[in-house]
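**Q** Questions regarding the structure given below will be posed in turn.
The values are calculated or read from the model by the stated rules, or taken from the named source; none is laboratory data. Note that the structure is a prediction, hence the values are computed from the model and not measured. Backbone-built Cβ (ideal geometry, glycine too); neighbour counts: all protein chains shown. Areas reflect the complete protein model, heavy atoms only, side chains present, ligands, DNA and RNA absent. Shrake-Rupley method; radii C 1.70, N 1.55, O 1.52, S 1.80 Å.
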Amino acid sequence: MVLNETKMKRWKKILLIISSIILILVLSSGFLMYKFLTSLQPPKIEITENYISTNRDFINGVIIEKISVDSIGRNGLPAKYTVNYWTSCNMDHPKGKQPEPPDKIVFSERGKYWWIEKESDIQYIHKGLRRETVDGKKRLPFSVGLERLPTCPMEFEKEQWYFITVGDLQVTGIFFIIDKNGKKNQYFMSSGVSPI
């Protein structure tokens, strides 16, 4: 009788261990599946007058373009516009260390990043999910020779359109405007590119 009870206790322990292992495997595979599926989605980005934040990170920095709108598309967003000014937030990447890029950039505070700015005169047209310059030439802001600034040199103005790029392949950009009542409106433009 004592032998049967000992065997029963052993089997209960074995069953408990096996069910615990199965439960851990099921939960961890569910978590991994969740992480995989969320990595396929474009980043979530929040823009305010004071900061820009994401649920990922800003490893490639941020570019904010102040634009003059020439025409609005059927979707209510700028279809043709001229970039009059841009400012770029660039990340500090210390040598020999794995960079820890921020997930929030506060415009009026120093951080592990620096800013440059430049007047501009580049016309763009949006075609589907992408934008192209009117003259067909590819143009990117360059930081060579520009003064490094510790904080963002511009402030968002009411009723002024901005186009923001975040250095993520899944994002063409974000149109941003603060209306006359102070309400912030941002229009995320997915690129249609898969991260895989």
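**Q** Compute, for the chain, the length of the dipole vector about the Cα centre, with Cβ point charges of +1 (Lys, Arg) and -1 (Asp, Glu) only. Units Debye, rounded to 20. Walk me through the intermediate numbers first.
**A** Details: 28 positive and 21 negative charges, 255 e Å.
Computed about the Cα centre, the dipole is about 1220 debye.
**Q** So if we plug the beta-carbon distance of E46 and S19 into 1/(1 + (r/R0)^6) with R0 = 30 Å, what FRET efficiency do we get, rounded to 0.05?
**A** 0.10
**Q** When a/c is below 1.5 the answer is rounded, else prolate if a/b is larger than b/c, else oblate, so apply that to region 14-116 with a ≥ b ≥ c taken from the square roots of the Cα gyration tensor eigenvalues.
**A** Oblate, since a/c reaches 1.5 and b/c is not below a/b.
**Q** Would you mind getting me the FRET efficiency between N84 and R148? Use the beta-carbon distance for r and R0 = 22 Å, nearest 0.05.
**A** About 0.50, to the nearest 0.05.
**Q** If you don't mind, there's one more thing I want to ask. Please compute the modelled spin-label separation between Q186 and K7, points set 7 Å along Cα→Cβ, answer in nm with one decimal.
**A** Here the answer is 6.6 nm between the modelled labels.
**Q** Under a Cβ-Cβ cut-off of 13 Å, what is the net charge of the residues other than I52 that fall near it, where Lys and Arg count +1 and Asp and Glu count -1?
**A** The answer is -2.
**Q** Nearest 10 degrees, 0 to 90: what angle lies between the long axis of helix 2-39 and the longest principal axis of the chain (Cα atoms)?
**A** Tilt of helix 2-39: around 10 degrees.
**Q** With every protein chain left in place, what is the accessible area per residue of the chain in square angstrom, probe 1.4 Å?
**A** The answer is 68 Å² per residue.
**Q** Just order 8-19, 118-129 by mean Cβ neighbour count inside 10 Å, highest at the front, would you?
**A** Sorting 8-19, 118-129 by mean packing, highest first, produces 118-129, 8-19.
**Q** Go through [x] 92, 43, 37; [y] 57, 33, 33; [z] 108, 25, 22 and flag the label whose value is the computed Cα extents along the principal axes in Å for this structure.
**A** [x]
**Q** Another question, then. Work through the residues other than F107 whose Cβ is under 10 Å from its Cβ and net out their charges, Lys, Arg +1 and Asp, Glu -1.
**A** -3
**Q** Calculated FRET efficiency, R74 and D179, Cβ-Cβ r, R0 22 Å, to nearest 0.05?
**A** It comes out at approximately 0.65.
**Q** Counting only protein heavy atoms and a 1.4 Å probe, tell me what percentage of the chain's accessible area is made up of carbon and sulfur.
**A** Whole-percent figure for carbon plus sulfur exposure: 57.
**Q** Test of understanding: what is the full-extension gain from R130 to N60, defined as 0.36 nm times their sequence separation minus their Cα-Cα distance?
**A** Going from the current span to full extension adds 23.3 nm.
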